[in-house]
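The structure under discussion appears below in the form of structure tokens.
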Protein chains: 2
Amino acid sequence: MIEYRNLRIALLGAGSVGSQVARLLLEHGDELAARVGAGLELIGVAVRDVDAPRDTSIPRHLLTTDAATLIQSADVVIELMGGIEPAREYILLAINSGADVVTGNKALLATHGPELFDAAEQVGAQLYYEAAAGGAIPIIRPLRDSLAGDRVNRVMGIVNGTTNFILDRMDVEGDTFENALAIATELGYAEADPTADVEGYDAAQKAAILASLAFHTAVPVEAVHREGMTSVTAAQVVAAQKAGYVVKLLAICERLTDPETGVEGVVARVHPALISRRHPLAAVHDAKNAVFVQAEAAGDLMFYGAGAGGVETASAVLGDLVSAARRHVAGGPGVGESTHANLPILGIGAVSTRYQLTLIVADQPGVLAQIAGVFSEHGVSVEALQQTVQPAAPSVLAAAGAPGQASEPLTATLVIVTHEASDAALSATVAAVSSHDAVVRVESVLRVEGDTP
Amino acid sequence: MIEYRNLRIALLGAGSVGSQVARLLLEHGDELAARVGAGLELIGVAVRDVDAPRDTSIPRHLLTTDAATLIQSADVVIELMGGIEPAREYILLAINSGADVVTGNKALLATHGPELFDAAEQVGAQLYYEAAAGGAIPIIRPLRDSLAGDRVNRVMGIVNGTTNFILDRMDVEGDTFENALAIATELGYAEADPTADVEGYDAAQKAAILASLAFHTAVPVEAVHREGMTSVTAAQVVAAQKAGYVVKLLAICERLTDPETGVEGVVARVHPALISRRHPLAAVHDAKNAVFVQAEAAGDLMFYGAGAGGVETASAVLGDLVSAARRHVAGGPGVGESTHANLPILGIGAVSTRYQLTLIVADQPGVLAQIAGVFSEHGVSVEALQQTVQPAAPSVLAAAGAPGQASEPLTATLVIVTHEASDAALSATVAAVSSHDAVVRVESVLRVEGDTP
């Protein structure tokens, strides 16, 4: 057997993931070396401030602020700084210095992925990113390799732990969004500024990465339709329970044919949705993540685990490091990104989905028929409709000063679940219903994904 | 870019998986070629009898009975004949002819794996086997690559669809084992001779493959402790439900330290067990499979999907084919099997687990204390104990001809769940309890895995 020198590993960033990568690499170096067939030497850790207080076991002499010099002496560069710059610049430097790169930087990949993959392909370098979508969950290799002989039709994921924790609390404990968010913040699941999580930006970045892989098509994050989950109410969660559903923030990437143009393309979207409590994704609790994949031959698959966390994500990073190192030892180019399909990216309007609408309407004869008429005018057919007459609330009666008075306008609650229709037709229907005379207000609009419970 | 000739693919076997592989390869050849960067040409399909009736779309001119000649003209050989011989011989021929091999043959890998991997390593050929454990579920690459930088401590899988279908029917519909088996046979989930499934032989082969991968140690199938599930009764399933458990046939592979010798090693075992209904594996219904993995850094992961089926398994085979073909195009050796850890393989006695015992005992003073004494003598501590006095059954009374007679010996049912103890200590305790004077009979003994509900 040929003798190899140690492989030189450079780490950029010593945050929650980076410090765990360093620790595990130093502690389990011998075990990993045996798996690779070569030593793995951590030659340095680039940080912004060598003297900053940090709770890590990284030996002081490994710390440096000179990332560029470190990168140029490395065989494999692990980028865990986050953000766009200078991460992008450093990764390009690593690639052009002949190093392979491991990154967990979803923001960078979702915005500058094609540029980085092209640069790597030109020099025959590899870019690994198992940690960028799904944290510790192995989802990149299954999509890229295991399913490479199949045809993925749909990827539906719970890819943000913070929002799943919040929605699970709302479902299991009956919390409001605000309460659940406060607890998530207290437990460290949510950042001080939770916008990236609760508004779906984080999930949209992951959706872009998953869609690109699943459909062999570069999908930029700007093309992902994104709705946050801050407007999900406790009442919606309870109503969902009663109907056999649970509310989840889903990242959905699908291959479909635009009904208007007949063009086959890809849509990626992030929004809260109802799914049946019998769906495997419904059993994903706490801050856990899972990605449900539907492929033509393989059928339904699901990948479940920790979507975030320092040590958990470090597992994915080290798996990539071993792959990169094995390739260095074995030689030869690795697997490039596959974007050969290059499918057009379609808008949300092309998606076929179902809606659940909750309307407060005037309780008078003919309203049901009128509302049903609005749906049928827009070509949307109704799967289920439930009407409950609202007893006039005591506070309303008290304010009116005349309990039981015949002229008190009574209202009814109408819960309508539609059959599948284009998102465009459904949103037009909602707009028309909202402005209908008999409709007091639209209480809730949620998409419904998957089977009826 | 260098121009490559078409890669020549030979298929051995045209059964339920083989015929689907041929169909998908012929139908989606162009799409797969784009992913590989080279054409994939199915040059022949070796079968025992060219004229046998078969429901496939394989063109007649591709069929041949001369497997050896076919193998020697191929770049990649896909072996889907099953059985030990001549599959073993053909795979060795393929390897020595310079071809890469894709196989779904779990029986062969679980018995002759090391011989085949060694042969492949000597000539730099690759052996792919994603379809051999878990059917369509991508589990081989996650264990071999994604978790290569982590330390797997435990793999717990539902890896046999037939038995999961039967146990799920017993749980959800209240069927007996016999009824559920009859339905599984009718629906094609069980073979005419279900021994390989219900006695755990199939699961044991998969356990051997998963344990080998997870612990970088060759684990032969003979080293897997195996108990079937034919003795699981409807009463046990109902009792499990009441206690918040579900009965599943589990394949468990774990790294542990033998309490007697202090040696760290690997144990693989297959047996029915109780798991909490809150465990992710409890939500695996019908004939679905799932593999739950616990790793030091990644934490808990689960991989879920179809564990069998012609077209589903074909997906895994084609994924391997694309990997093999990409390697042919890229050149260079691929990833070899990693058995560097070479841990000792320990017996079931080294396992630490919990037992649930159901005993029928004489309802007389002091029995509880005596039984508890037997447990404590064996160093097994009791986590929970529930006693129900058995009303004398009407038939017994009628037979005795003296309803309510004081001398009628009353019995009590005792359900005991132990704390964790060595399997050796637990089975010794069960033996001692069985022969205790006050014990009328041992109704049920089941291991308990994972957390208490």
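The values are calculated or read from the model by the stated rules, or taken from the named source; none is laboratory data. None of the values given here were measured: they were computed from a predicted structure. All Cβ positions, glycine included, derive from the backbone under ideal geometry; neighbour counts span all protein chains shown.
Remarks
- Filter result for A:A68 (away from every other protein chain (no Cβ under 14 Å), modelled with pLDDT of 95 or more and over 31 Å from the mean Cα position of the chain (by Cα)): yes
- Note on segment B:192-210: residues that are outside any helix (DSSP H, G or I) and either without any contact (Cβ under 8 Å) to a residue 24 or more places away in the chain or buried (at least 24 other Cβ atoms within 10 Å of the Cβ) (or both) total 3.
- Annotation note: of B:P114, B:P59, the sole residue that is touching a Pro at 6+ places or on another chain (Cβ under 9 Å) and not small (G, A, S) is B:P114.
- When A:M170, A:M156 are checked against the criterion of being among the aliphatic types (A, V, I, L, M) and either closer than 17 Å to A:T233 by Cβ or in a loop (DSSP other than H, G, I, E, B) (or both), a single residue qualifies: A:M170.
- Breaking point among (1) touching a Ser or Thr at 6+ places or on another chain (Cβ under 6 Å); (2) without any contact (Cβ under 8 Å) to a residue 24 or more places away in the chain, for A:G262: (1)
- Neighbours by Cβ (under 7 Å, 6+ apart or cross-chain): first from segment A:430-447, among the polar types (S, T, N, Q); second assigned to a strand (DSSP E or B): A:S434/A:V442; A:S444/A:T358
- The set of residues from segment B:35-57 being away from chain A (no Cβ under 14 Å), among the aliphatic types (A, V, I, L, M) and either under 22 Å from B:R326 (Cβ atoms) or under 28 Å from the mean Cα position of the chain (by Cα) (or both) comprises just one member, B:I43.
- Listed conditions (1) over 24 Å from B:A132 (Cβ atoms); (2) in contact with an Asp or Glu (Cβ under 9 Å, 6 or more places away or on another chain); (3) modelled with pLDDT under 90 are all met by B:V335, apart from (1).
- Residue ID - nearest to B:G307 (Cα to Cα), chosen from residues in segment B:105-135 that are acidic (D, E) and more than 13 Å from every other protein chain (Cβ to nearest Cβ): B:E115
- Within segment B:43-62, the set of residues being among the hydrophobic types (A, V, I, L, M, F, W, C) and either farther than 19 Å from B:L93 by Cβ or in a loop (DSSP other than H, G, I, E, B) (or both) comprises B:V47, B:V50, B:A52, B:I58, B:L62.
- Taken residue by residue, segment B:235-250 has no member that is in contact with a Gly (Cβ under 9 Å, 6 or more places away or on another chain), in a loop (DSSP other than H, G, I, E, B) and within 17 Å of B:L426 (Cβ to Cβ).
- For segment B:211-224, a residue qualifies if it is assigned to a loop (DSSP other than H, G, I, E, B) and either touching a Leu at 6+ places or on another chain (Cβ under 7 Å) or free of Cβ contacts under 8 Å to residues at least 12 places away in the same chain (or both), and exactly one does: B:T217.
- Condition met for B:L32 (within 14 Å of chain A (Cβ to nearest Cβ) and either closer than 24 Å to A:T217 by Cβ or not in a helix (DSSP H, G or I) (or both)): yes
Residues are listed down the side, and each one gets a yes or a no for (1) farther than 29 Å from A:A316 by Cβ; (2) not hydrophobic (A, V, I, L, M, F, W, C):
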| position | (1), (2) |
| --- | --- |
| B:R154 | no, yes |
| B:G157 | no, yes |
| B:E191 | yes, yes |
| B:L210 | no, no |
| B:P220 | yes, yes |
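- Across segment B:211-256, the qualifying residues are those that are more than 14 Å from B:A110 (Cβ to Cβ) and among the basic types (K, R), and the one among them that is surrounded by the most Cβ atoms within 10 Å (Cβ to Cβ) is B:K248.
- Checking each residue in segment B:2-29 for being on the phi < 0 side of the Ramachandran plot and assigned to a loop (DSSP other than H, G, I, E, B) picks out B:I2, B:E3, B:Y4, B:R5, B:N6, B:A14, B:G15, B:H28.
- Residue satisfying all of: in segment A:79-133; part of a helix (DSSP H, G or I) and of a type in the set (F, W, Y); nearest to A:S19 (Cα to Cα) among these: A:Y90
- Scan of segment A:95-128 for residues that are among the charged types (D, E, K, R) and closer than 15 Å to A:L12 by Cβ, ordered by number: A:D100
- Just one of the numbered conditions (1) at pLDDT 95 or above; (2) surrounded by 20 or more Cβ atoms within 10 Å (Cβ to Cβ) is not true of B:P280: (1).
- The residue that is surrounded by the fewest Cβ atoms within 10 Å (Cβ to Cβ), among those in segment B:136-146 that are under 10 Å from A:S323 (Cα atoms) and at the interface with another protein chain (Cβ under 7 Å from one of its Cβ atoms), is B:D145.
- Residue pairs whose Cβ atoms lie under 7 Å apart, separated by 6 or more positions or on different chains, with the first residue in segment B:335-355 and more than 30 Å from B:A325 (Cβ to Cβ) and within 14 Å of another protein chain (Cβ to nearest Cβ) and the second modelled with pLDDT of 85 or more and in a loop (DSSP other than H, G, I, E, B), are B:A341/B:H216; B:A341/B:T217; B:N342/B:T217; B:L343/B:T217.
- Condition check for B:V159: in contact with a Cys (Cβ under 8 Å, 6 or more places away or on another chain) and surrounded by 24 or more Cβ atoms within 10 Å (Cβ to Cβ): no
So that you can scan it fast, the table gives a plain yes or no per residue for (1) among the hydroxyl-bearing types (S, T, Y); (2) within 14 Å of another protein chain (Cβ to nearest Cβ); (3) within 18 Å of the chain's Cα centre (by Cα):
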{"position": "B:Y189", "(1), (2), (3)": "yes, no, yes"}
{"position": "B:A196", "(1), (2), (3)": "no, no, yes"}
{"position": "B:A239", "(1), (2), (3)": "no, no, no"}
{"position": "B:G244", "(1), (2), (3)": "no, no, no"}
{"position": "B:I252", "(1), (2), (3)": "no, no, yes"}
{"position": "B:E260", "(1), (2), (3)": "no, no, no"}
{"position": "B:A283", "(1), (2), (3)": "no, yes, yes"}
{"position": "B:A290", "(1), (2), (3)": "no, yes, yes"}
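- Where A:G83 falls short, out of the listed (1) farther than 19 Å from A:G309 by Cα; (2) without any contact (Cβ under 8 Å) to a residue 40 or more places away in the chain: (1)
- Qualifying residue in segment A:196-206 (condition: aliphatic (A, V, I, L, M) and under 16 Å from A:V351 (Cβ atoms)): yes
- Top-ranked residue of segment B:294-315 - restricted to ones that are surrounded by 24 or more Cβ atoms within 10 Å (Cβ to Cβ) and more than 7 Å from chain A (Cβ to nearest Cβ), ranked as nearest to B:R255 (Cα to Cα): B:G307
- Set side by side, the residues A:L210, A:L181 differ, and just one is of a type outside the set (V, I, T), more than 14 Å from every other protein chain (Cβ to nearest Cβ) and in contact with a Cys (Cβ under 6 Å, 6 or more places away or on another chain), which is A:L210.
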